[in-house]
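Peer 1: Have a look at this one before I ask anything.
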Amino acid sequence: MKVKFRIRRFNPEVDKKPYWGEYTLDNVEPTDRILELLHRVKWEQDGTLTLRRSCAHGVCGSDAVRINGVNKLACKVLVKTLDLKDGGQVQVEPILGLPVVKDLVVDFEPFFDHYRAVMPYFMPATPRPGDGRERRQSPEDRARFDDTTKCILCACCTTSCPSFWASGEYVGPAAIVNAHRFIFDSRDGATQERLNILSEESGVWRCRTIFNCTPACPREIEVTRAIGEVKLAIQRNGR
Amino acid sequence: MDVKTHQFDVVVIGAGGAGMMAALYASRGAKTAVISKLYPTRSHTGTAQGGIGAALANLDEDHWEWHAFDTVKGGDYLTDQNAAETLAREAIDAVIELELMGLPFDRNPDGTISQRRFGGHTNNQTKKPVRRACHAADRTGHMILQTLYQNCIKEKVTFFDEYQAIDLITNDGKVCGVAAVCIDDGEIHVFHAKAICFATGGWGRLWETTSNAHSLTGDGPALVWRAGLPLQDMEFFQFHPTGLYPVGLLITEAVRGEGGVLINDKGERFMERYAPTIKDLASRDVVARSIYLEVQAGRGIGGKRYVHLDVRPETVNRYLAEAGEDRRVDAAYILSKLPDITDFCHTYLGIDPTKSPIPIQPTAHYGMGGIPTNLDAEVISTGAGTVVPGLYAAGEVACVSVHGANRLGTNSLTDLIVFGRKAGKAMADYARQADFVPLPANPAGKIVAEIERIRKSSGKTKPYMIRQEMQKVMMDHVSVFREAPGLQKALDTVRELKSRYQDDLAVDDRGMRFNTDLLEAWELGCMLDLAEITTLSAMERKESRGGHSREDYPKRDDVNFLVHTMAYPEKGGIRIAHDRAVDLSLGYQPAERVY
Ligand SMILES: Cc1cc2nc3c(=O)[nH]c(=O)nc-3n(C[C@H](O)[C@H](O)[C@H](O)COP(=O)(O)OP(=O)(O)OC[C@H]3O[C@@H](n4cnc5c(N)ncnc54)[C@H](O)[C@@H]3O)c2cc1C
Ligand code: SF4
Ligand code: SF4
Ligand code: FES
C-alpha cells in the first residue's frame, strides 16, 4: 500500500523555524515498522532526515518519537496497528519537552541529569558476605521491584507528562521509576537519601497523577503505580 | 577544520558491557575517558537475553573444568584452551561481582542466583544439560548494561557520549591516540592517550538477516586494520538458529532451555535426528545447519524458509514426560521466565507463544573473530604474539580466542566481564609506568580529508544501495554454508562495491550538525573492508569447522587447519596466513563433535 509521511523537520544550521516535510512511500507492508519506513525516507528520498536508532526491536530506547500525537518507539509500531487506509497519513514529530537538536533528535542531557540526580545506583545495606558468594535475596523480595528494573530510559513517559512540560525542573517519571528500583530493593541501604531527594521541590509532589506516563511506557511498566509507592514511602518515612 | 585535543591516560572506545567494565577498573588507577557513539545504555549488550554462563553450581553439580571443556568443544577445538580456562575459572567470581554491584538476578528459593540450561553446556560425566546460565528473566544483558552504567555514575567515570571514533592515530608505528567526531556538532576531537581499548562490539550488519543493531558496523576492527594491524578468524561468524521470521530479531536459546523444541513441517522434532543426546540444546552451529538442511529438504513450514519453535506448555510437557522428567510447566511459568520474548512475538507477529509456535530462521549473530589479543587483553600484531604497546581490545570485538569456531550461548556476557576487567586492570598498570607517545604533526589530517571527501561526494550511488547489495551477497554466499564459487562471487561483488564507494558515492547531507547521513556512509566503508577480509579468510579455510561450513570441504581437517587464520593488511591487498597456533594447554585433544 501507499503511505504518506508528514515529518517535523528542523535543522538549526539552515532553517529559521521548524516545518513539515511530506514524503510518500509505495509498497508499504502492514508488518513494516515505522522505523523501517523512516529509514526508507532517509535512504531513498532525503538523506538529511535525522533520527536516532540502534537495536530496532524496542530494547535500547533510542527512537522515542511522537507518532500521530502519541509517544512511541518507532521500531515497535507496525503499520497495521495505525489503522491506515491506502494512501493514509502518518505524522511523526520529536518528543516534547526536550530541546530539538535536529529533526527527530532531541537533547537528552536534561533527561539524564534528572536520572543521575536520584542516586540510580546500588548502595549496599550490608557488607559483602564473608563466604565470597552473592548476597542472598528471596524470590519475593526480588519480585518487589521487578517491574521498575525493565526501564530502558527512552523518555516516552517523562516527555508525555504535563507536569514536566510545565516545568523542566521536575525530575519526571523516568527518574522516579529508577529511584523506585533501588528504594524497594531489600539489599539497598540508601532508601532515606533517595526519599529525601524525591521529596524536594523538584520531586514526586509535582506529579498530579494525570496518568499520561503509564500508557506511554513501551516496557509496560506501571509508572504511576511506582510513583504512588514512592509517595507512600515518603509519607511513611521508609519502604 | 578546527581540531580539539584532550589528554587521558586511558581511552576506552565503546560503552557496552566490555567497555564499561574496562572503564570501571581503569578509572580506579588512571585518568580514563570512555567515548561511545551511542549513549551507554543504548549499547547492544542491553539486548542480550538468556544469561551469563558461570559454574556457580547453585542448582546442579558443576565445575569450572566442565565449563572450560564445553567451551573448547563448542568452539570445535579452535578455542585457545588457556583462554577457555581463564574464562571458566574467573566467570564464577565475575558473576558474583555483578551481583555485589547490585544486579537483580532471578533467585532460587534459597536466595542464591537462579540458573538455567543453555545449548552446549553439559555435565561432562552424564553428557546431559546442566543449569549454568545465570539470568535475570530474559533481559540479562539489559540488567548488566544498566548495572554497569549505574556503577560508572557512582564512581564518576568520564564519558564522551555520542562521540564516534573514526581513526586510530599512530606515530612512527606506535599507538598514541584516537580521532573522534562529536556527533552533535560535527567537530573532530583528538584524544591523546597512553592506553587505548577497543570495545566496539560486533558487525552483524554485514548480513541481510541479523539480530544485531543498526549500529553494529565493525568500526573497531576496521580502524585497527587501517592502522596496519591484523584481524583474526574473521571467517567465523555465528548464525544463531532462532531468529524471528522474517525480521531476524533474536529468540533466545533460553526458550529451548526452558523446554521449547524445534518442529518441521511434518511435525517432527528433527533435532532428535541430528543430535540424539541433547537434541534441541546442541551447539548453535549444529542447530543452524540442521534447520537449513530441513528447509533445503522441503520440510520448512508450508515449504517456506522457516521452521517452528514450539514452547506451548502442552508440547513442552509432552517431551518432558517422554524424557522421564518430573518437571511440568504452564503458561504462567513460561510468561514469567520469558516476558520479553512473549512481548516480541506479540508486537512483531501478533502471536502468543504459549498458544502458537514461533516461526524462526537462522540469523547473523556473533563474530567469533576480531582484533587478536592475548589473555591480558593486549592486542597482538603477529601469529607469534608480538604485543602492540598501549593497545587493548575486549568483548565481542576481540578475539582471545575463547570462542574458537563457534561461541556457546551465555559465554559472550561472561567474556565481556572477565576480559573487560582484565583490560581495565592491565591499562591502569600500563599507564602508571608508560609515557605518552607524542602525537604526530597534524594528527587528524588524513581522516579529516576522508570525512570531507564523503561529505562532498556527489556521485550517483546512495550508501543504502551499496549496503543492501553487500548484505545480500554476504547472506547468499558467506553465511551458514559456503563453497568456492559462491565465495568468489561474493569477493568480486564486494570489490566492485568498494570501487563504487570510492568513486560514485552520493551523500545528501553536507552539514555539520548530527550528520548521520555522513556517518552511515563512513560506517559502510568499515563494513566493506570487513566483508572483503571475511570472504577471503573463508576462501582460504578449506575445511568445515564450527560456524564455517564448506560444502566443498565438508570435513574438519585437523592436520592442516587446527590453527587460527590471520589476515594481514599489505600493500596492494590482504595476506591470509595460518600462523597463529591454537593453545592446547588443558590437554583436550580434538575429537569428533557429537551432541
Ligand atoms: C539479541 C542478542 C541476544 C544476545 N544474548 C546473549 C546472551 O544471552 N548471552 C550472551 O552471553 N551473549 C548474548 N549475546 C551476545 C552479546 O550480547 C554481545 O556479544 C555483547 O553484548 C557485546 O558486548 P560489547 O561490550 O562487546 O559490545 P556492545 O554492547 O555492542 O557495545 C559496543 C559499544 O561500542 C560503541 N561503538 C561502536 N563503534 C564505535 C565507534 N566507532 N566510536 C565510538 N563508539 C563506538 C557503541 O556505542 C557501544 O557502546 C546476544 C546478542 C544479541 C544480538
Ligand atoms: S502521573 Fe505524574 S508523572 Fe505521570 S504523567 Fe501524570 S503528572 Fe506526570
Ligand atoms: S519508565 Fe518506561 S517510558 Fe519511562 S523511560 Fe523507562 S522505559 Fe521509557
Ligand atoms: S531502536 Fe532500540 S528501542 Fe527502537
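The values are calculated or read from the model by the stated rules, or taken from the named source; none is laboratory data. These figures come from a predicted structure and were not determined experimentally. Neighbour counts are summed over all protein chains in view; Cβ atoms, including those assigned to glycine, are modelled from backbone coordinates with ideal geometry. Only protein heavy atoms, including side chains, enter the accessible area calculation; ligands, DNA and RNA are left aside. Shrake-Rupley method; radii C 1.70, N 1.55, O 1.52, S 1.80 Å.
Peer 1: Go through region B:575-595 and count every residue that is closer than 16 Å to residue B:380 by Cβ and part of a loop (DSSP other than H, G, I, E, B).
Peer 2: The total comes to 2.
Peer 1: Check residue A:130 against each of (1) within 16 Å of ligand 4 (Cβ to nearest atom); (2) outside any helix (DSSP H, G or I) and name the one condition it does not meet.
Peer 2: Tallying (1) within 16 Å of ligand 4 (Cβ to nearest atom); (2) outside any helix (DSSP H, G or I), residue A:130 fails exactly one: (1).
Peer 1: Might you let me know whether region A:15-29 holds any residue that is modelled with pLDDT of 95 or more, within 13 Å of chain B (Cβ to nearest Cβ) and either open to solvent by 10 Å² or more (accessible area, probe 1.4 Å) or in a loop (DSSP other than H, G, I, E, B) (or both)?
Peer 2: Checking region A:15-29: at least one residue is modelled with pLDDT of 95 or more, within 13 Å of chain B (Cβ to nearest Cβ) and either open to solvent by 10 Å² or more (accessible area, probe 1.4 Å) or in a loop (DSSP other than H, G, I, E, B) (or both).
Peer 1: Follow-up. Are any residues in region A:151-164 away from every other protein chain (no Cβ under 14 Å) and more than 9 Å from ligand 2 (Cβ to nearest atom), and if so, which ones?
Peer 2: Applying the first criterion (away from every other protein chain (no Cβ under 14 Å)) to region A:151-164 yields A:156-164.
If the condition is that a residue be away from every other protein chain (no Cβ under 14 Å) and more than 9 Å from ligand 2 (Cβ to nearest atom), then A:156, A:159 are the ones that fit.
Peer 1: Answer with yes or no whether residue B:50 is in a loop (DSSP other than H, G, I, E, B), within 11 Å of ligand 1 (Cβ to nearest atom) and open to solvent by less than 10 Å² (accessible area, probe 1.4 Å).
Peer 2: Here the answer is yes, as residue B:50 does meet what is asked.
Peer 1: Further question: When the residues of region B:109-124 are filtered to those that are more than 14 Å from chain A (Cβ to nearest Cβ) and under 23 Å from the mean Cα position of the chain (by Cα), which remaining residue is farthest from residue B:73 (Cα to Cα)?
Peer 2: Our first condition is that a residue be more than 14 Å from chain A (Cβ to nearest Cβ); within region B:109-124, this holds for B:116-124.
Now restrict to residues that are under 23 Å from the mean Cα position of the chain (by Cα): B:116-122.
Numbers: B:116: 20, B:117: 17, B:118: 15, B:119: 12, B:120: 9, B:121: 10, B:122: 11 Å.
Filtering region B:109-124 for residues that are more than 14 Å from chain A (Cβ to nearest Cβ) and under 23 Å from the mean Cα position of the chain (by Cα), the one farthest from residue B:73 (Cα to Cα) comes out as B:116.
Peer 1: I've got another one for you. Against the definition (within 27 Å of residue B:345 (Cα to Cα) and within 10 Å of chain B (Cβ to nearest Cβ)), how does residue A:80 come out, yes or no?
Peer 2: Answer is yes for this residue.
Peer 1: If you check every pair at least six apart or on different chains, which have Cβ atoms under 6 Å apart with a residue in region B:345-366 that is among the β-branched types (Val, Ile, Thr) first and a residue that is assigned to a strand (DSSP E or B) second?
Peer 2: Listed by first residue and then by second, the contacts come to B:358/B:309; B:360/B:242; B:360/B:309; B:363/B:210; B:363/B:240; B:363/B:243.
Peer 1: Across region B:140-187, which residue is most open to solvent (accessible area, probe 1.4 Å) among those that are of a type in the set (Gly, Ala, Ser) and farther than 30 Å from residue B:102 by Cβ?
Peer 2: B:173
Peer 1: So how many residues does region B:230-242 have that are touching a Pro at 6+ places or on another chain (Cβ under 9 Å) and either within 11 Å of another protein chain (Cβ to nearest Cβ) or part of a loop (DSSP other than H, G, I, E, B) (or both)?
Peer 2: Adding up the residues that qualify gives 3.
Peer 1: Which of the residues spanning region A:54-77 are at positive phi, within 11 Å of chain B (Cβ to nearest Cβ) and more than 12 Å from ligand 3 (Cβ to nearest atom)?
Peer 2: A:56
So that you can scan it fast, the table gives a plain yes or no per residue for (1) in contact with a helix residue (DSSP H, G or I) (Cβ under 6 Å, 6 or more places away or on another chain); (2) more than 12 Å from ligand 1 (Cβ to nearest atom); (3) in a helix (DSSP H, G or I):
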| site | (1), (2), (3) |
| --- | --- |
| B:191 | no, no, no |
| B:201 | yes, no, no |
| B:213 | yes, no, no |
| B:223 | no, no, yes |
| B:228 | no, yes, no |
| B:246 | no, yes, no |
| B:256 | yes, yes, yes |
| B:265 | yes, yes, no |
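Peer 1: Can you go through B:10, B:72 and tell me which one is away from chain A (no Cβ under 12 Å) and out of contact with any Leu (no Cβ under 8 Å at 6 or more places or on another chain)?
Peer 2: Answer to the selection: B:10.
Peer 1: Something else now. Check A:135, A:142 and return the single one that is assigned to a loop (DSSP other than H, G, I, E, B) and in contact with a Lys or Arg (Cβ under 6 Å, 6 or more places away or on another chain).
Peer 2: Exactly one residue qualifies, and that residue is A:135.
Peer 1: Being open to solvent by 10 Å² or more (accessible area, probe 1.4 Å) and free of Cβ contacts under 8 Å to residues at least 12 places away in the same chain is the filter here, so list the residues in region A:54-82 that pass it.
Peer 2: Passing the criteria: only A:81.
Peer 1: Taking the residues in region B:97-108 that are over 21 Å from the mean Cα position of the chain (by Cα), touching a residue at least 12 places away in the same chain (Cβ under 8 Å) and not in a loop (DSSP other than H, G, I, E, B) as candidates, determine which candidate is farthest from the other protein chains (Cβ to nearest Cβ).
Peer 2: B:97
Peer 1: Please work out which residue is farthest from the other protein chains (Cβ to nearest Cβ), limiting yourself to region A:108-133 and to residues that are open to solvent by 50 Å² or more (accessible area, probe 1.4 Å) and closer than 30 Å to residue A:14 by Cβ.
Peer 2: Restricting to residues being open to solvent by 50 Å² or more (accessible area, probe 1.4 Å) and closer than 30 Å to residue A:14 by Cβ, the top hit is A:113.
Peer 1: Please enumerate the residues belonging to region A:204-239 that are of a type in the set (Gly, Ala, Ser) and modelled with pLDDT of 95 or more.
Peer 2: If the condition is that a residue be of a type in the set (Gly, Ala, Ser) and modelled with pLDDT of 95 or more, then A:216, A:226, A:228, A:233 are the ones that fit.
Peer 1: Now for a different question. Among the residues of region B:148-166, is any in a loop (DSSP other than H, G, I, E, B) and within 22 Å of residue B:3 (Cβ to Cβ)?
Peer 2: Yes - at least one qualifying residue is present in region B:148-166.
Peer 1: Here's something else I'd like to know. How about region A:177-196: which of its residues are within 14 Å of another protein chain (Cβ to nearest Cβ) and under 23 Å from the mean Cα position of the chain (by Cα)?
Peer 2: Within region A:177-196, A:177, A:178, A:179, A:180, A:181, A:182, A:183, A:184, A:185, A:194 qualify.
Peer 1: Find all pairs meeting these conditions: Cβ atoms under 6 angstrom apart; at least six residues apart or on different chains; first residue within region A:214-239 and over 20 Å from residue A:143 (Cα atoms) and without any contact (Cβ under 8 Å) to a residue 60 or more places away in the chain; second residue away from ligand 2 (no atom under 14 Å from the Cβ) and not in a helix (DSSP H, G or I).
Peer 2: The qualifying pairs are A:234/A:199.
Peer 1: Then there is this: Within region A:146-168, can you find the residues that are more than 16 Å from ligand 4 (Cβ to nearest atom), surrounded by fewer than 24 Cβ atoms within 10 Å (Cβ to Cβ) and not hydroxyl-bearing (Ser, Thr, Tyr)?
Peer 2: A:146, A:147, A:162, A:165, A:166, A:168
Peer 1: Just to be sure I understand the filter: pairs with C-beta atoms under 8 Å, separated by 6 or more residues or on different chains, first member in region B:37-49 and within 16 Å of residue B:409 (Cβ to Cβ) and more than 8 Å from every other protein chain (Cβ to nearest Cβ), second member among the basic types (Lys, Arg) and not in a helix (DSSP H, G or I). Which pairs pass?
Peer 2: Within 8 Å, the pairs are B:49/B:139.
Peer 1: Moving to a separate point now. Take residue B:375 and decide whether it is away from ligand 2 (no atom under 16 Å from the Cβ), closer than 28 Å to residue B:72 by Cβ, open to solvent by less than 10 Å² (accessible area, probe 1.4 Å) and hydrophobic (A, V, I, L, M, F, W, C).
Peer 2: Against the criterion (away from ligand 2 (no atom under 16 Å from the Cβ), closer than 28 Å to residue B:72 by Cβ, open to solvent by less than 10 Å² (accessible area, probe 1.4 Å) and hydrophobic (A, V, I, L, M, F, W, C)), residue B:375 does not qualify.
Peer 1: Output the number of residues of region B:537-595 satisfying the condition of being among the small types (Gly, Ala, Ser) and open to solvent by 70 Å² or more (accessible area, probe 1.4 Å).
Peer 2: Result for region B:537-595: 3.
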